[in-house]
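For reference, the structure is listed below as structure tokens.
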Amino acid sequence: MSVLSTNTLAGSAGQGSGSGGGGAANDSRSVRFDQGVTSRLTYTLSGTASTTYTWSFWLKTTLKASASQYSHMFNSNSNGLALYGDILYIFNGAHNTGTGYVLRDPSAWYHVVLKVTAGAGTLYVNNVAVQTLTSGSSFGATVNIGRWSSGYHFNGYLADIHAVDGQALDPTDFGEYDTNNVWVPKSYSGTYGTKGFKLDFSDTSSNSAIGTDSSGNSHDFTVTNLTAASDVLIDYPANGSQTDTGAGGEVIGNYA
């Protein structure tokens, strides 16, 4: 596991207590994005863009972004989150801001939450506020996961993706500290609003099933250059409760 500069333990193989952590991990998996094959998930939302919303997801990097370009995890309506090298950046329209937050540990999971009210927001990593936005942030139009609108693809893993429309929620709605003081996922029990969605990657029945929205809104994403058999993984920021027979590849958890 990784110790961050805030002295908060990053998501690892820790088990959540109570209704969190382990409950969120039982069926959830991660997806591995590969810049080399331009893998991505896309969906176009209808209606006017929202200015109050929450994004929550977990990420683990596998390869630093080039020093000359960004590597985007999440983008919507010209707003998004990206890495530049190993520094986390937030995009707000045509502007980008380096948070100064460095993701140094390639074996650690990091929980990222963007909480926005009336266009102004706060970005959190592992329950710690790292950057603020004063205005102009919105959520709508085409949502890209794993790239910007036409490039700047992501190298790494994403898991437990939530987009909540119409509510500005806290990291504690999606994560908690376990008994070892490790920040791990917990099951989100709220609603998603009109434009919201949840991607837990639990359906591996086909490649197209990777993009299944399990929020109940049926915002199923188009899957490009991702394969269920090889890109959907049991690597996840908390331990599952599956039976381990010793065959390997059975128990969901964090794998360096």
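The values are calculated or read from the model by the stated rules, or taken from the named source; none is laboratory data. Because the structure is a prediction, the values reported are computed rather than measured. Counting neighbours? That spans all protein chains shown, and the Cβs are built from the backbone with ideal geometry, glycine included. All accessible areas refer to the heavy atoms of the entire protein, side chains included, with ligands and DNA or RNA removed. Shrake-Rupley method; radii C 1.70, N 1.55, O 1.52, S 1.80 Å.
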*asked:* Looking at the structure I just gave you, is Asp203 open to solvent by 20 Å² or more (accessible area, probe 1.4 Å) and among the acidic types (Asp, Glu)?
replied: yes
*Which strands (runs of 3 or more DSSP E) sit wholly inside the range 1-88 and have at least 2 residues that are modelled with pLDDT under 85 and under 16 Å from Val102 (Cβ atoms)?*
none
*Which numbered condition trips up Leu123, out of (1) open to solvent by less than 10 Å² (accessible area, probe 1.4 Å); (2) more than 16 Å from the chain's Cα centre (by Cα); (3) among the aliphatic types (A, V, I, L, M)?*
(2)
*Only one of these is at pLDDT below 95 and over 15 Å from the mean Cα position of the chain (by Cα): Val182, Val223. Name it.*
Val182
*Only residues in the range 38-60 that are touching a residue at least 24 places away in the same chain (Cβ under 8 Å) and of a type in the set (D, E, K, R) count as the first member; pair them with residues that are surrounded by 22 or more Cβ atoms within 10 Å (Cβ to Cβ) and not in a strand (DSSP E or B), Cβ under 7 angstrom, at least 6 apart or cross-chain, and list the lot.*
Arg40/Gly146; Arg40/Arg147; Arg40/His153; Lys60/Ala108
*With respect to Gly216, determine if the residue is open to solvent by 50 Å² or more (accessible area, probe 1.4 Å), out of contact with any strand residue (DSSP E or B) (no Cβ under 7 Å at 6 or more places or on another chain) and either at pLDDT below 95 or more than 24 Å from Tyr70 (Cβ to Cβ) (or both).*
yes
*Cβ-Cβ below 9 Å, separation at least six or inter-chain, first residue in the range 210-229 and more than 16 Å from Lys195 (Cβ to Cβ), second β-branched (Val, Ile, Thr) and assigned to a loop (DSSP other than H, G, I, E, B): which pairs?*
Ile210/Thr204; Ile210/Thr227; Thr224/Thr38; Asn225/Thr38; Ala228/Thr204; Ala229/Thr204
*Quick one: Thr132 ticks every box in (1) open to solvent by 50 Å² or more (accessible area, probe 1.4 Å); (2) in contact (Cβ under 8 Å) with a residue 40 or more places away in the chain; (3) assigned to a strand (DSSP E or B) except a single one, so which number is it?*
(2)
*Select from the range 89-115 the residues that are crowded, with 23+ Cβ neighbours inside 10 Å and of a type in the set (A, V, I, L, M, F, W, C) and write down the one among them that is modelled with the lowest pLDDT.*
Ile90
